[in-house]
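Bear in mind that the values in this text are calculations on the coordinates, not laboratory data. Not measured: the values here are computed from a predicted model.
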Amino acid sequence: MSPFLEARPARQGQQCRVAPSALALMESARHGLAAAEDEPTAAGRYVAAHLAALRAAAAIVAVRAEPAGRRRRPQSVWELLPKVEPALREWAAFFAAGAAKRAAAEAGLPRAVSADEADDLLRDAATFVTLAEGALGLPGWQQLLPLPTAG
């Protein structure tokens, strides 16, 4: 059995392979969204939602990036994402712009994010994770990995 999941890409009729590490990142992104929904504070929701989107972007970069032949300066996943998936360029810019706000929320700064900002980011992150699944040829993949429900 291959260590890769066979999936149909959303754009093409060809089969693609998704490494287990990328699948783990997508699973982590989905679980991060669930954790964000359960987070009682706006800062916690914002941070968890932003990190979920970051993991989904990292999965795409892990699958699509070409190995670097020579040493280059480190780049963030938000810089790399548009290079490997141009259709997600605006999303990358959006989440890159929110990185400083996430850092402020992680640092515990009061009023770093409002409840509305956190709720909006959670909705945007959920949309982005779904788009990332589609970009990897995993539409509906979240149905294969049920999220834990609060009991």
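Looking at region 28-107, what % of the alpha carbon pairs are farther apart than 18 Å?
Here the long-distance tail beyond 18 Å is 46 percent of all Cα pairs in region 28-107.
Relative contact order, percent, of region 16-99 when contacts are C-alpha pairs under 8 Å separated by at least 6 residues?
27
What list of ³J(HN,Hα) values in whole Hz, one per residue of region 51-62 in order, does the Karplus curve 6.51 cos²θ - 1.76 cosθ + 1.60 (θ = phi - 60°) give from phi, with Gly and Pro shown as x?
For region 51-62, the Karplus curve yields 5, 4, 5, 4, 5, 5, 5, 4, 4, 5, 4, 4 Hz.
In whole angstrom, how far apart do the alpha carbon centroids of region 31-50 and region 112-138 sit?
11
May I ask you to compute the full-extension gain from Ala115 to Lys83, defined as 0.36 nm times their residue separation minus their alpha-carbon distance, rounded to one decimal in nm?
Here the segment from Ala115 to Lys83 would lengthen by 8.2 nm.
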